[in-house]
1. Looking at LEU258 and the list (1) more than 22 Å from LEU162 (Cβ to Cβ); (2) out of contact with any helix residue (DSSP H, G or I) (no Cβ under 6 Å at 6 or more places or on another chain), which single condition is not satisfied?
2. Mind checking which residues of the range 1-60 are part of a strand (DSSP E or B) and at pLDDT below 95?
3. List the residue pairs whose Cβ atoms are under 8 Å apart, where the first residue sits in the range 248-276 and is more than 20 Å from ILE129 (Cα to Cα) and in contact (Cβ under 8 Å) with a residue 12 or more places away in the chain, the second is among the basic types (Lys, Arg) and assigned to a strand (DSSP E or B), and the two are 6 or more positions apart or on different chains.
4. One residue is enough: does the range 134-143 have a residue meeting the conditions farther than 23 Å from ASN249 by Cα and of a type in the set (Lys, Arg)?
5. Return yes or no: is LYS206 touching a residue at least 60 places away in the same chain (Cβ under 8 Å) and either closer than 22 Å to LEU251 by Cβ or of a type outside the set (D, E, K, R) (or both)?
6. Just one of the numbered conditions (1) without any contact (Cβ under 8 Å) to a residue 12 or more places away in the chain; (2) part of a loop (DSSP other than H, G, I, E, B) is not true of ALA84; which one?
7. I'd like the full set of residues that are under 16 Å from GLN158 (Cβ atoms) and aliphatic (A, V, I, L, M), limited to the range 128-148.
8. Would you confirm whether any residue within the range 89-106 is touching a Cys at 6+ places or on another chain (Cβ under 6 Å), free of Cβ contacts under 8 Å to residues at least 40 places away in the same chain and within 23 Å of TYR281 (Cα to Cα)?
Amino acid sequence: MTKLNQLFAGIEGSHNEFEQARVLLQSVPYDGTSTWGKGADQGFEAFLDAAENMEIYDIETDSEVYKQGVHIIDPILEDASPEAMFEAVYKSTKELLKKDKFLTFFGGEHSISIGIIKAFYEAHPDITILQLDAHTDLRPEYHGSPYNHACAVYDASQNANLIQVGIRSMDSGELEYLDRNKCYFAEDMYGQTDWMDDSLSKITDKVYITLDLDVFDPSIMPATGTPEPGGMNWNTMIKYLKKVFQQKNVLGFDIVELAPIEGFSAPQFLAAKLYYKMLSYKFANS
C-alpha cells in the first residue's frame, strides 16, 4: 500500500497534533466483502489527495474549519476476515470514545461501520444512527458473515434508533427488518422537502451519521462499488446535513465506499468537499 500523507489538506501546523486537534480521522481501508465493484481500499489515499487540492475557506459558514485541527490516526489494516476486521474496529472505537474528540472515519466498504456503530450505541444508548445510503443493508448475514457490507446497519436496527435516507435498492428478505416509518425512499424524496423535517423529528438529540457515497446519484458519484441510479444531488444533501448539524448533536460520522476511477478525480473531490462541509457545519459556531 502506498504510504499516506498524514496531513489533512496538506497543511502543516500544530493544530493537527493529537493534543490540539479537535477532530480525529481514521481510515479503515477494508474491501474484503464487496461483491461487485472493488477498490474501496484505495479510497482514503484518493480522498487525501483531493483534500490537498481543495479551497479551505467555506463560503457558506464563513470559516476555515481545518484550523480546528484534524489529526489522522493510524489506520486499521486488519483484513484476515470480516470478523477480525469488525473486532479490531470495535475495540479501537471504544478506546477512541474515551477521548474528548470529534470522531470521523473513512472506508473502505460499508462493513467497517458495524463495529464503529456498535461502540457508539453502547456508549450512548439514546443515540440515533442516521444512514445515508442507496441500500438498506439490513441482512442479518450475507455470504456466511454478519459483518458483510450488506449487513452494515442490521445490528443498528436491532439496538438503536435507525433512520434510513435515500434508499432505492433492497432485497425482499430485508423487508421484515425494515421500519417503513423511519425509512425515506428516494422515490418519495424527489422534488420534495418535507422528508427533511419529518426525518429530523424522529432523530434523537445525539446522532451518528454513516454515509455511503452511493447515496448520491452516479452522475456525480460513479466511483463506488454498487452505483444506483436515482440518487441524491449535492445541494439537497448539504441542505439536509446542515439541518442535521444545526438541530442535533452529531457525535461522529463515517464516509464509505469510495472506489476511485483511474484518471477521473471528480468523485474523490466530492468526498473531500463533503467531509470538509460536514466539519464546517459541526464547528460553525466555534
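1. The failed condition is (2).
2. LEU7
3. Short answer, once both residue conditions are applied: none.
4. yes
5. Numbers: touching a residue at least 60 places away in the same chain (Cβ under 8 Å): yes; either closer than 22 Å to LEU251 by Cβ or of a type outside the set (D, E, K, R) (or both): yes.
Judged against the criteria, LYS206 is a match.
6. (2)
7. Scanning the range 128-148 gives ILE129, LEU138.
8. no
The values are calculated or read from the model by the stated rules, or taken from the named source; none is laboratory data. Remember, it's a predicted structure, so these values are computed and weren't measured experimentally. All Cβ positions, even for glycine, are placed from backbone atoms using ideal geometry, and neighbour counts span all protein chains on display.
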